[in-house]
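Comments concern the structure below.
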Amino acid sequence: MKHLVLIFAEEIRLNSPFLNYILRVCNEKFECDYELKFLDKLDKNTASFLEKCIAQFDYITIFASSDNFYITSKILASLNDDIIELKNGEILAPSMSRKFENGSFLIDINGKFINVILADPLQKLPNIFQNFELNSKTFYIFDSDIITLKSRIDPLCETYEIKISITRIAPFLILIRASQNRFGQIEAFMDSLKEFLNLKIINEKLENFIVSKLAFYGKKITFAESCTAGLVAAKIGSVSGASEVFAGSLVTYSNEIKNIWLGVENEILNEHGAVSKECVNEMLSGAIESSGADFALAVSGIAGPTGGSENKPVGTIYIGAKEKNGEEIIERFLLKGDRNYIREQSVTIALCLLIKLKAKMFFD
């Protein structure tokens, strides 16, 4: 199955927040890989371009600006020997559209399904009609040894005719894309991973997994962040229902604010520095005390590109997780990459440390 996502409009490409919204929706809706192409302007060659795409792909999802939506509809209708008509007094779409609603229609051209969606930067995206049978699964495994993990999984891949792509997301987190061959059995493969290998599998986004587990057990979480400047909180806050487990957090960039808001002792800051195990320990305790939460995560480090030293080079990050009863984990990491990648890695590691701290709760 081959899937193409087309963006029809230069203004969509230029509008980074809106484009990111579209791609985020695609990634959530389509659990399979897709190819992304841009066409900034529609012209006399657009029809032949679409014909080639239809010949090459099984599914095509088109996001078109208001200026290009009607033109796209007209071109697709002509390729299908069809006409444009007003549907339910709401939308001009090909008369043979299989599905339609205001701002979205789905057509079938030579057995290929094409969904055209009106993309208005000031409006919520209309419904996406594409719906295909998945022959792949993407999931996380909470593990640190990617080589041993692969050697354990490979025999099951052979048994169930599964191909896997595997990558490490964080020191404790591995991401796997499993795709079935023509006669593969993806569901049986997934069942065997759980039943015979006893793996710690996460079948959803990490932040969704954490929020759902905390909500199930009636637990609250808070954060004390320095170099990540609220990114951990934002990750949890992106999940619908996060308010059940998350009431607030603190961004404490300067030493002065760490002292005033979190109670980090000046002696610790002067002797060990803000980027230290001792400081993160105090940040964790201060966050729990100020919020009353059951758990806290804290991050303090040097994201770069400046600020590093011989003892604490750029990428030195201390991350901790603590439970209200006093149980905690604080670890030092030396991360590589540019400033934003180091910060993004820190967020993922922080969430992983929470899972590591309470593995029995998360994988009961």
key: Every pair of residues 6+ apart whose Cβ atoms lie under 6 Å, when the first sits in segment 79-104 and is of a type in the set (S, T, N, Q) while the second is not in a loop (DSSP other than H, G, I, E, B)   = ASN80/ILE109; SER95/GLU85; SER97/PHE105; SER97/ILE107; ASN102/ILE91; SER104/ILE117
request  = Could you tell me which residue of segment 299-352 is surrounded by the fewest Cβ atoms within 10 Å (Cβ to Cβ), considering only residues that are within 19 Å of the chain's Cα centre (by Cα) and hydroxyl-bearing (Ser, Thr, Tyr)?
outcome  = TYR341
ask   = If you go through segment 289-298 one residue at a time, how many are buried (at least 24 other Cβ atoms within 10 Å of the Cβ) and in a helix (DSSP H, G or I)?
value = 0
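Has segment 118-128 got at least one residue that is part of a loop (DSSP other than H, G, I, E, B), basic (Lys, Arg) and over 23 Å from ILE169 (Cα atoms)? Give the steps one after another, and end with the answer.
Narrowing segment 118-128 to residues part of a loop (DSSP other than H, G, I, E, B): 119-128.
Within this subset, residues satisfying the condition of being basic (Lys, Arg) are 124.
Applying the additional criterion that residues be over 23 Å from ILE169 (Cα atoms) yields 124.
Yes, that holds for at least one residue.
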Residue identified as of a type in the set (Phe, Trp, Tyr) and within 30 Å of LYS163 (Cα to Cα) among PHE246, PHE216, PHE196, PHE223 = PHE196
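Counting only residues that are aromatic (Phe, Trp, Tyr), give me the strands (runs of 3 or more DSSP E) lying completely in segment 1-91 with at least 2 of them.
Because the criterion is at least 2 residues that are aromatic (Phe, Trp, Tyr), the strands (runs of 3 or more DSSP E) in segment 1-91 that meet it are 59-64.
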inquiry  = Please go through segment 53-107 and give me each residue that is within 32 Å of the chain's Cα centre (by Cα), farther than 20 Å from GLN123 by Cα and acidic (Asp, Glu), ordered by number.
reply    = ASP58
Residue tally, condition assigned to a helix (DSSP H, G or I), touching an Asp or Glu at 6+ places or on another chain (Cβ under 9 Å) and not aliphatic (A, V, I, L, M), over segment 179-212 = 2
key: Of all residues making up segment 215-228, the number that are without any contact (Cβ under 8 Å) to a residue 60 or more places away in the chain and either among the small types (Gly, Ala, Ser) or part of a strand (DSSP E or B) (or both)   = 2
query = Out of all the residues in segment 231-240, is one or more in the same structural domain as LEU351 (by the TED database) and within 17 Å of ARG332 (Cβ to Cβ)?
reply = no
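The values are calculated or read from the model by the stated rules, or taken from the named source; none is laboratory data. Please read all numbers here as calculations on a predicted model, not as lab measurements. In this analysis, Cβ positions are derived from the backbone assuming ideal geometry, glycine residues included, and neighbour counts consider all displayed protein chains.
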